[in-house]
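The values are calculated or read from the model by the stated rules, or taken from the named source; none is laboratory data. Owing to the predicted nature of the structure, the values given are computational and were not obtained by experimental measurement. Reconstructed Cβ throughout: ideal geometry from the backbone, glycine too, with neighbour counts over all protein chains shown.
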Amino acid sequence: MRNTGAAGADRLIHLNTAGAGLVPAEVRRTMAEVLDREAATGCYETEGFFDGIINDEVYRRLARVLGAPVTDVALFDSATRAWCAVVPRLSLGPDDRVWVTPYEYAGNLISLFNLRDRTGCQIEVVPTLPGGDLDLEWMTANIADDVALVSVTHIPSGCGIVNPVEAIGRLLAPYRCFYAVDACQSIGQVPVDVQRIGCQLLTGAGRKFMRGPRGTAFAYVAPELRAALVPDFHDLHVARIDSATGYRIDDHSARSLELAERSTAAVAGFNTALTLFEEGTPFDHKEVFRALRATLEDIPGIELIAPGTEQSGILSFRHQDVAAETVRDRLAEQRINVWKIVGHHTPVYMAERGVETAVRVSAHYYNTLEEIEEFGRALRDTLGAGA
Ligand SMILES: Cc1ncc(COP(=O)(O)O)c(C=O)c1O
């Protein structure tokens, strides 16, 4: 499925799927159908009409895509909300250690810092090898039962390293810790299977490489992790006040972590995106990615920010003279979308490298080799024009 025609006035080269993917026509049509029906017949009535899709089919599809039991998946409106529905509810204490990596997403870290301040747990950063790969030998040597949580970002938003989440899952398996994987940038881009990873939590967004609507996200939460969470709140799709002083929970699945209110259009649109994903050949971007990397490596004055031996379709770079914002804006004038990233969104790694801003280019299967060539020409002109 291509997003552009040949070079022409209306063509768009979208190299910002790490921000949000281009929504396929089928997803847009589903959402428009929901909105039209809501306007014509009422929102709650429309929700009833789409009940089979938004309360059953979408969960079954998501569970299949993740390799998870359907009772262990839940929907949210952002990946951060999915993360915050689980991690802050962990019952930790001063003797517990939490491991993160230098690639942790800033929003996850903020919630972990609050958890640390509330519970006294200690946060430790897993070291990397000189090339940027996580030091698995260090992990193997240091893992012990006082590690309560290990959080690994599968692919960070600021640079395209693919962290070895399955190997990490194997090394953690004999130990007590819960294992959380942030799959926000990996789902839809590389295979993600919770059984193979061996994690108890996996969160992600629908809008990026899955090409779902904005305002869609999900979590896989294993039963043993759900059982360990401190109860906080249950919304009325799963709970019922049954006495003057108490309530009962009718649904103990992962959906018990959701809030009841959500957008029917977004959830139905996400179901269509999952359908297209299941029917398509989604991981077919390697040739385009190689071309993208070769294009950038060939341009003088560019410093690639690309740690690690395994790379995804996300590549970031800085130029010695031209600011990231200028690059983004000049390319946008030619209808080429790239993004200016800020170091403090992937704060540990970017601070180590001294990166405050950079240009992020992210390719997906709908990008063509011709588009990469055109992007390369436009980027050379942009940088040639100076600061
Ligand atoms: C790696 C990673 N984790 C988490 C998030 C947060 O996702 P959301 O904006 O849906 O909360 C992002 C957002 O870009 C991300 O790149």
Practice item. Report yes if some residue within the stretch 29-37 is within 22 Å of ARG255 (Cβ to Cβ) and part of a strand (DSSP E or B); otherwise report no. Key: no
Revision key, fill the gap. Sole miss for HIS285 among (1) surrounded by 15 or more Cβ atoms within 10 Å (Cβ to Cβ); (2) at pLDDT 95 or above is condition (2)
**Study point:** Criterion (part of a loop (DSSP other than H, G, I, E, B) and in contact (Cβ under 8 Å) with a residue 12 or more places away in the chain) met by exactly one of ARG81, ARG11
**Key:** ARG11
Point to revise | Condition check for ARG64: in a helix (DSSP H, G or I), within 16 Å of the ligand (Cβ to nearest atom) and either aromatic (Phe, Trp, Tyr) or within 24 Å of the chain's Cα centre (by Cα) (or both) | key: no
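Determine which member of the set LEU92, LEU15, LEU22 is modelled with pLDDT of 95 or more and within 30 Å of TYR179 (Cα to Cα).
Details: LEU15 fails: within 30 Å of TYR179 (Cα to Cα); LEU22 fails: within 30 Å of TYR179 (Cα to Cα).
Criteria check complete, one pass: LEU92.
For the stretch 119-170, give me each residue that is part of a loop (DSSP other than H, G, I, E, B), hydrophobic (A, V, I, L, M, F, W, C) and within 15 Å of THR346 (Cα to Cα).
VAL126, ILE155, CYS159, VAL162
Of all the residues that make up the stretch 87-118, how many are part of a loop (DSSP other than H, G, I, E, B) and within 16 Å of the ligand (Cβ to nearest atom)?
Going through the stretch 87-118, the residues part of a loop (DSSP other than H, G, I, E, B) turn out to be 91-96, 101-105.
Next, from what is left, pick out any that are within 16 Å of the ligand (Cβ to nearest atom): 101-105.
The number of residues fulfilling the criteria is 5.
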Check your understanding: Of the residues in the stretch 193-227, how many are away from the ligand (no atom under 16 Å from the Cβ) and either in a loop (DSSP other than H, G, I, E, B) or surrounded by fewer than 16 Cβ atoms within 10 Å (Cβ to Cβ) (or both)?
Key -> 9
Exercise for review: Determine, yes or no, whether ALA79 is under 18 Å from GLY212 (Cβ atoms), within 16 Å of the ligand (Cβ to nearest atom), crowded, with 20+ Cβ neighbours inside 10 Å and in the same structural domain as ALA144 (by TED's automatic domain parsing).
Suggested key: yes
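Is one or more of the residues making up the stretch 162-176 of a type in the set (Gly, Ala, Ser) and within 11 Å of the ligand (Cβ to nearest atom)? Before you say what the answer is, go through the steps one by one.
Pass one, the stretch 162-176, residues of a type in the set (Gly, Ala, Ser): 167, 169, 173.
From what's left, within 11 Å of the ligand (Cβ to nearest atom): none.
No: zero hits.
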Check your understanding: Quick one: would you say THR46 is surrounded by 15 or more Cβ atoms within 10 Å (Cβ to Cβ) and within 16 Å of the ligand (Cβ to nearest atom)?
Key -> no
